[in-house]
Amino acid sequence: MKKINIFVLAAVLLTSVYLAEAQQTAKVPRIGFLSQTDPARESARFEAIRLALRERGLIEGQNIAVEYRYTEGKVDRAPELAAELVRLKVDIIVVAGGDSWIRAAKNATKTIPIVMMGAGSDPIGAGLIESLARPGGNVTGITLLIGELGGKRLELFKEAVPKLARVAVLYDPAIQASVLDVKEVLPAAARALRLTIQPWEVRDADGFDRVFAAMGKERPDGLYVSPGPLTLANRRRIGDFALKSRLPSMYVRREFVDAGGLMSYGADLADSYRRVAYYVDRILKGAKPADLPVEQPTKFEFVINLKTAKQIGLTIPPEVLARANRLIK
């Protein structure tokens, strides 16, 4: 009887060890996804990452899991949701948001790797990384040169609209990148192009009508819109105002042009998002964020909405049209 009990005990112990090892083997890595917008606007963006992950053998629902958190444009929710992802013990946090969102994730954890998707302006200046080549700490990923390209946008704007002299700049002062753009980047570029910059702050959705009314009285020659959750969420309102005012407009992201804006110039976002999968894959295989260089975009997109140009009575020079990657007809 004792021998039988010993055999039974041994079998139970072996089974327990096997199950424990199987559970460890079957551990599925969890990726936290912290977004500055909402699920509807984020779906296309994350789909590019999802497809790129699949190409690397990482399939959501099979060998990776994703925890989605959306701040819906409210930066004050970022710390709370970042802390929530840390409590869930995710293996990586991918941040689809600007400096404030990345900083919220960094403040929430010093150990979990954080991958930027490129919405921040200057990760070195913002104190998020030590250098592009060797980020240090637990943050790496993509930077889209949003601020650095401000001068190039004004240059293209002037070429497309030769009579451009006074440019109204619509921005959210809560977005650090936009403040830097308005105070430093754009004024320097404007001086070289002999343009006058007129900054207009908008702090919430209720502020647009007031700003539009005041801007209409000033009658600028063009409208430049800085990026951020607030302007992105209200891109159709902005486009409608520019159209109604017969005001040429320049944007950072293509979504604004799809919503009726005149033109945009910036990094090819789909290409940059695909690169996020590279970082996720490398980190899951053991690479440290501190040793993975932050990448800058290599592909850029210049989009012009010809329907909008026609509606506001603008003829864009052929040499400018020839430089566009995409024309909306």
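A few points about this structure:
- Boolean, Gly118 is open to solvent by less than 10 Å² (accessible area, probe 1.4 Å) and of a type outside the set (Ser, Thr, Tyr): yes
- Filtering the stretch 216-244 to residues that are at pLDDT 95 or above, among the aliphatic types (A, V, I, L, M) and open to solvent by less than 40 Å² (accessible area, probe 1.4 Å) leaves Leu223, Val225, Ile238, Ala242.
- Scope the stretch 95-125; condition within 14 Å of the chain's Cα centre (by Cα), modelled with pLDDT of 95 or more and part of a helix (DSSP H, G or I); matching residues: none
- Failed item, numbered, when Asp209 is tested on (1) closer than 23 Å to Thr71 by Cα; (2) in a helix (DSSP H, G or I): (1)
- Residues of the stretch 276-315 classified as hydroxyl-bearing (Ser, Thr, Tyr) and either in a helix (DSSP H, G or I) or in contact with a Pro (Cβ under 9 Å, 6 or more places away or on another chain) (or both), total: 3
- Hits in the stretch 273-289 - residues which are surrounded by 23 or more Cβ atoms within 10 Å (Cβ to Cβ) and touching a Leu at 6+ places or on another chain (Cβ under 7 Å): Tyr279, Val280
- Filter result for Leu128 (open to solvent by 10 Å² or more (accessible area, probe 1.4 Å) and either at positive phi or part of a loop (DSSP other than H, G, I, E, B) (or both)): no
- Conditions (1) outside any helix (DSSP H, G or I); (2) touching a Gly at 6+ places or on another chain (Cβ under 7 Å); (3) aliphatic (A, V, I, L, M): number failed by Ala324: (2)
- Conditions (1) assigned to a helix (DSSP H, G or I); (2) modelled with pLDDT of 95 or more; (3) of a type outside the set (Val, Ile, Thr); (4) buried (at least 21 other Cβ atoms within 10 Å of the Cβ): number failed by Met250: (1)
- Tally of residues being in contact with a helix residue (DSSP H, G or I) (Cβ under 8 Å, 6 or more places away or on another chain) and open to solvent by 20 Å² or more (accessible area, probe 1.4 Å) across the stretch 35-44: 1
- Close Cβ contacts (under 6 Å, 6 or more residues apart or on different chains) running from residues in the stretch 26-54 that are closer than 25 Å to Ala83 by Cβ to residues that are among the charged types (D, E, K, R) and in a helix (DSSP H, G or I) comprise Ser35/Glu42.
- Selection over the stretch 134-173 of residues that are open to solvent by less than 10 Å² (accessible area, probe 1.4 Å), within 26 Å of Met117 (Cα to Cα) and not in a loop (DSSP other than H, G, I, E, B) gives a count of 10.
- Matching residues, the stretch 174-206, being in a helix (DSSP H, G or I), open to solvent by less than 40 Å² (accessible area, probe 1.4 Å) and more than 29 Å from Ile102 (Cα to Cα): Ala190
- Flag if Leu292 is under 24 Å from Asp91 (Cα atoms), in contact with a strand residue (DSSP E or B) (Cβ under 8 Å, 6 or more places away or on another chain), among the aliphatic types (A, V, I, L, M) and open to solvent by 40 Å² or more (accessible area, probe 1.4 Å): no
- Pairs, first closer than 21 Å to Ala126 by Cβ in the stretch 180-205, second of a type outside the set (Gly, Ala, Ser) and surrounded by fewer than 16 Cβ atoms within 10 Å (Cβ to Cβ), C-beta under 6 Å, six or more apart: Glu201/Pro173
- Of everything in the stretch 78-95 that is in contact (Cβ under 8 Å) with a residue 60 or more places away in the chain and surrounded by fewer than 24 Cβ atoms within 10 Å (Cβ to Cβ), the residue that is nearest to Arg45 (Cα to Cα) is Ile92.
- Helices (runs of 4 or more DSSP H) wholly inside the stretch 1-94 containing at least 3 residues that are within 24 Å of the chain's Cα centre (by Cα) and modelled with pLDDT under 90: 39-55
The values are calculated or read from the model by the stated rules, or taken from the named source; none is laboratory data. Small disclaimer: the values here were computed from a predicted structure and weren't measured. Quick reminder, even Gly has a Cβ in these numbers, built from the backbone with ideal geometry, and neighbours come from all protein chains shown. Keep in mind that these areas ignore ligands, DNA and RNA; they rest on the heavy atoms of the full protein, side chains included. Shrake-Rupley method; radii C 1.70, N 1.55, O 1.52, S 1.80 Å.
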